[in-house]
Amino acid sequence: MSNAAIDTNDDYSVYQTSTISALLAGVYDGTVTVSELLAHGDFGLGTFNHLDGEMIVLDGVCYHLRSDGSVTVATGTEQTPFAAVTYFHAKHELAIDTVTTRHALTALIDGTINSANVGASIRISGTFDSVRTRTVGEQKKPYPPLVDAAAGQAENTLTQVTGTIAGYRTPPFEDEISVAGYHLHFIDDSRTRGGHVLDFVLSSGKVDISPISELHLSLPETTEFLDATISTDVAADENQAEGGS
């Protein structure tokens, strides 16, 4: 494992539609299409309208992971109420050759970045002893808050699986905009299984890190967003809904 400090001088931006606080409040309908989203990046994550499953974007392909366990390539016309994408350019690589827990790996990434105030795109690829995921099911109006919707999530534990975790490490001061800490989604190499990551154990692989210094935020103009009661005290609900950082 390398412990050289990461270069944070390059300007890599994230394009995000809506905010995590709006999603927590039950704003599950957006107007940004997958085609429009992919015009801003080739790597990222999010969800789909009506909170219909999880999104992961790898190498310019957007995958739709549903609560029934199915995985499809998203159509360009599908819409998202919350997603974040970037053009991923690895600036630092960590080789992992021993069994490493999520806690140990995120601590290693934190030490490599060496600042709580710097965001980063994170790509973890390799063989996993286990990956525990969840996938939220499609919601019907009137939409419940995300904490309530997540209570009915479908959880699954994959064992001895090869695949990729994609996501972000976000500074604490962004917690009303993005998911503070680590927000990670997984898809296996066969592109048939995955979800929002709750926990994992990596047996061998690598971590690629791309620093973030710009955030481009696109806010919805829908009636639901404009009329929503959006809390500014989101840490507890965010942690409960997203499964911790």
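Laboratory data are not the source of any read-out in this text; all were calculated from the coordinates shown. The model shown is predicted, which means the values in this text are computed figures rather than measured ones. Neighbour counts run over all protein chains shown; Cβ positions are idealised from the backbone, glycine included.
Worth a mention:
- The stretch 152-242: radius of gyration over Cα atoms, expressed as a fraction of 2.2 N^0.38 Å: 1.32
- Over the stretch 13-242, relative contact order from alpha-carbon pairs under 8 Å, at least 6 apart, %: 31 percent
- Calculated [θ] (222 nm, deg cm²/dmol) that DSSP helices of n ≥ 4 give over the chain, each run adding -39,500 (n - 2.57): -4000 deg cm²/dmol
- With a cut-off of 12 Å between beta carbons, the residues surrounding residue 184 carry a summed charge of +2, where Lys and Arg count +1 and Asp and Glu -1.
- With θ taken as phi - 60° and the Karplus curve 6.51 cos²θ - 1.76 cosθ + 1.60 applied, the whole-hertz 3J(HN,Hα) list for the stretch 68-76 is 7, x, 7, 10, 9, 6, 5, 6, x Hz, x standing for glycine and proline.
- Proximity of backbone amide H atoms, modeled 1.01 Å from N, is registered between residue 178 and 20 at under 5 Å, excluding neighbours fewer than 5 places apart on the same chain.
- Based on every Cα atom in the stretch 86-162, Rg and the maximum pairwise Cα distance Dmax equal 16.7, 48 Å.
- Within straight-line cross-link reach of residue 91, lysines at Cα separation under 25 Å, skipping those fewer than 8 residues along the same chain: 206
- At the listed q of 0.09, 0.11, 0.18 Å⁻¹, the Debye profile of the stretch 13-242, built from one uniform point per Cα, gives log10 I(q)/I(0) equal to -0.32, -0.49, -1.44.
- In the chain, the longest principal axis of the Cα atoms and the axis of helix 102-113 are about 80 degrees apart.
- Here the residues 15, 28, ranked from fewest to most Cβ neighbours within 10 Å of their Cβ, fall in the order 15, 28.
- Sequence of 89, 50 once ranked by neighbouring C-beta atoms within 10 Å, starting from the fewest: 89, 50
- Taking a Cβ cut-off of under 14 Å around residue 100, the surrounding Lys, Arg, Asp and Glu residues balance to a net charge of -2, with basic ones at +1 and acidic ones at -1.
- Among 174, 36, a tally of other beta-carbon atoms within 10 Å of each Cβ gives an order, fewest to most, of 36, 174.
- Counted over the stretch 85-222 with a bin width of 10 Å, the fraction of Cα pairs per bin, in whole percents, is 11, 38, 35, 15, 2.
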